[in-house]
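Working notes, structure below.
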Number of protein chains: 2
Amino acid sequence: MSQFAMYGKFKAHPGKGGELAQILLEAAEASKADEGCQFYIVNAAEDDLDTIWVTELWRDAEAHAAALKNEGAQAMIKRAMPLIASVEPVKLRPLGGKGLE
Amino acid sequence: MSQFAMYGKFKAHPGKGGELAQILLEAAEASKADEGCQFYIVNAAEDDLDTIWVTELWRDAEAHAAALKNEGAQAMIKRAMPLIASVEPVKLRPLGGKGLE
């Protein structure tokens, strides 16, 4: 299986989590047109609304890399950057389970 | 939205990640019969095959709690326990995105 999954942990500056989540939800909306993207789910941590986790599942690592180069994605990254205190990507290899196509 | 998501980070004892992943894949298989479970995906960290992340999405927190009480789940937890060095649950509130029903 060459699918590529990633959890992105975004720590927003204090009080900026909601605004950051909105931008990430726009990115999720844009990903609906990308066949290489299988999931792009935006979550807030239950105990800290300034910690936003994005659950991504891609056909392969190349599809993910290509999406990041997209102009729309670059514009969204620029808007999000000032809101973000830190980012921690967790790269994963999906092994199987329910909900995996 | 009352959906409940969780990332479970399981750190296996050295060399035990594959065995732990197999048990979690059995749990994922069992979850296919549970209508309250929407995703149960087992992943290995790209950089450490002894770190297993489970991506779970449930109809609500109650569906998740009920599944844990199930006899089969309890038996799997017992088998997995000796393989696990640490567990870190990340509780999430899904906000939206692609792949969320």
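The values are calculated or read from the model by the stated rules, or taken from the named source; none is laboratory data. Bear in mind that the values here come from a model prediction, so they are computed numbers and not experimental data. A quick note on method: Cβ atoms are made from the backbone with ideal geometry, for glycine too, and the neighbour counts reach across all protein chains shown. Side chains included, ligands, DNA and RNA excluded: accessible areas come from the protein's heavy atoms. Shrake-Rupley method; radii C 1.70, N 1.55, O 1.52, S 1.80 Å.
Observations on the structure shown:
- Reduction of at least 30 Å² in accessible surface, 1.4 Å probe, comparing all protein chains with the chain by itself, residues of the stretch B:72-101: B:91, B:92, B:93, B:95, B:96, B:97, B:98
- Equivalent ellipsoid dimensions for the protein assembly as shown as semi-axes, Å, which come from the Cα gyration tensor, largest first: 28, 18, 16
- For residue B:75, the point set 7 Å out from Cα toward Cβ sits 5.6 nm from its twins in the other copies, listed from shortest up.
- Relative to the dominant Cα principal axis of chain A, helix A:17-31 is inclined by about 30°.
- Each label was represented as a point 7 Å from its Cα along the Cα-to-Cβ direction; for residue B:81 and residue A:59 these points are 4.5 nm apart.
- Phi angles across the stretch B:2-13 convert, under the Karplus curve 6.51 cos²θ - 1.76 cosθ + 1.60 with θ = phi - 60°, into 3J(HN,Hα) values of 9, 4, 10, 10, 8, 9, x, 9, 10, 9, 7, 4 Hz, Gly and Pro given as x.
- Computed over the protein assembly as shown, the per-residue total of -39500 (n - 2.57) for DSSP H runs of n ≥ 4 gives a 222 nm mean residue ellipticity of -10500 deg cm²/dmol, rounded to 500.
- Helix A:71-80 vs. chain A, principal-axis angle (Cα, 0 to 90°, nearest 10): 40
- When chain A is reduced to its Cα atoms, the Kirkwood hydrodynamic radius in Å: 13.9
- When the alpha carbon gyration tensor of the stretch A:42-101 is reduced to an equivalent ellipsoid, its three semi-axes come out at 22, 19, 9 angstrom, largest first.
- Peptide-level mean, for A:39-50, of C-beta atoms on other protein chains within 10 Å: 6
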